[in-house]
1. Rounded to the nearest whole Å³, what is the per residue volume of the convex hull around the Cα atoms of segment 134-211?
2. With θ set to phi - 60° and the Karplus curve 6.51 cos²θ - 1.76 cosθ + 1.60, what are the ³J(HN,Hα) couplings of segment 165-171 in order, to the nearest whole Hz, using x for Gly and Pro?
3. Starting from the coordinates of the alpha-carbon atoms of segment 8-59, obtain the Kirkwood hydrodynamic radius over all distinct pairs and give the value in Å to one decimal.
4. Too long at a 30 Å Cα-Cα cut-off: which of LYS189/LYS244; LYS146/LYS189; LYS73/LYS164; LYS73/LYS236; LYS46/LYS73; LYS46/LYS223?
5. Which residues' amide hydrogens lie under 5 Å from the amide hydrogen of ARG205, considering only partners 5 or more residues apart or on another chain, with H built in the peptide plane?
6. Using 1/(1 + (r/R0)^6) with R0 = 41 angstrom and r between the beta carbons of ARG145 and ARG30, what's the FRET efficiency to the nearest 0.05?
7. When a/c reaches 1.5 or more, the comparison of a/b and b/c decides; with that in mind, is segment 73-127 rounded, prolate or oblate per its Cα gyration tensor?
8. Per the Kirkwood treatment, what hydrodynamic radius in Å, one decimal, follows for segment 48-171 from the mean inverse distance over all distinct Cα pairs?
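Bear in mind these aren't lab numbers, they're just calculated from the coordinates by the rules spelled out. Predicted model, so just to flag it, every value in this text is computed and none were measured. A quick note on method: Cβ atoms are made from the backbone with ideal geometry, for glycine too, and the neighbour counts reach across all protein chains shown.
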Amino acid sequence: MSETHEPQRLQKLLAAAGIASRRASEDLIREGRVSVDGRPAELGEKVLPTADIRVDGERVAVDTGHVYVMLNKPQGVLTTADDPEGRPTVLDLINLDQRLFPVGRLDMDTEGLLLLTNDGDLAHQLMHPSYEVPRTYLVLANAVRKLAIQRLRDGAELEDGFAKPQSVRLVEQTGQESLIEVIMTEGRKREVRRLFQACDVNLLRLARVAYGGVDLGELRQGKWRFLTPHEVGTLKSAVQGGPKRKKDGRTKGQVRASTTASREERRRRGGPHGHGGSGGKGGGQGKGGSRR
């Protein structure tokens with residue numbers, strides 16, 4: 001991108017600030033809603049990013065270095081930059097010159113909110129499990145009873161550690177299907193799907209609808225938009241203060257890594273408790289067995 005001391009087209013600066021796409025920014029200029037240094041803006045003019053640029057009288061904070069985008073990912077689209085097999089990717093849906101990368105991943109069959117940016121520091125913090133940034137999902141499943149909802153709330157042991165949602169709420173029950181809201185804070189690979197499988201709940205469809213306090217809203221599937229300055233601020237607030245730590249001073253990621261290492265050590269020794277064997281009175285499958 002251009003250096004901050006070089007004039008750039010006004011609609012490009014407005015797009016970089018997340019006000020609107022370039023085309024929509026041109027409409028704002030035509031409508032007389034944009035001013036530069038106290039005068040009405042002109043379509044196609046070039047201005048310095050340091051200029052006093054306002055939309056409807058409100059100062060625009062222009063950052064020509066970072067871009068933040070929200071995409072409503074459809075099913076069947078890969079969350080990757082490119083695919084050797086030529087399958088559609090999320091970047092195929094976004095017509096921007098900047099090189100962006102996804103904040104976390106949604107598997108091919110999962111739809112909904114996906115954030116993309118070139119702000120590596122913020123992306124790392126948003127993805128890291130130690131920051132415990134909430135991700136909200138809506139799950140369509142076969143009709144469930146209260147007991148199944150409670151099992152989901154209690155969490156389950158997965159192959160990469162114990163998974164426990166921040167919250168689980170039954171949104172709607174209609175006929176043979178249930179709509180369930182689930183909030184997770186780690187972002188492990190296919191974590192929601194694996195949790196539902198471990199709790200014997202048949203998941204039919206999965207969509208992420210919020211990330212770090214930013215909602216998908218009315219954005220149509222397959223479409224994208226720039227985040228507003230307020231939404232970028234919301235994401236930065238979600239990671240403010242650094243990684244969350246437990247009472248013993250360790251982060252959630254460190255606790256999970258330690259638990260996984262302990263589990264692997266027990267397996268090497270034989271049996272879940274390290275006493276050898278897998279059955280009988282001396283085995284590890286009695287009352288003190290691992291959680292499920």
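1. Values: hull volume 6.0 nm³, N = 78.
Hull volume over Cα atoms, normalised by residue count, gives 77 Å³.
2. Rounded to whole hertz, the list is x, 5, 7, 9, 9, 7, 7.
3. Working: mean 1/r = 0.0961 Å⁻¹.
Evaluated on segment 8-59, it is 10.4 Å.
4. Details: LYS189/LYS244 21 Å; LYS146/LYS189 27 Å; LYS73/LYS164 25 Å; LYS73/LYS236 23 Å; LYS46/LYS73 34 Å; LYS46/LYS223 28 Å.
The pairs that break the limit, which is 30 Å between Cα atoms, are LYS46/LYS73.
5. Amide H neighbours of ARG205, under 5 Å, 5+ apart: LEU140.
6. Numbers: r = 57 Å, r/R0 = 1.39.
Approximately 0.10, to the nearest 0.05.
7. Numbers: a/c = 1.96, a/b = 1.35, b/c = 1.45.
Oblate, since a/c reaches 1.5 and b/c is not below a/b.
8. On the way: mean 1/r = 0.0560 Å⁻¹.
Result for segment 48-171 stands at 17.9 Å.
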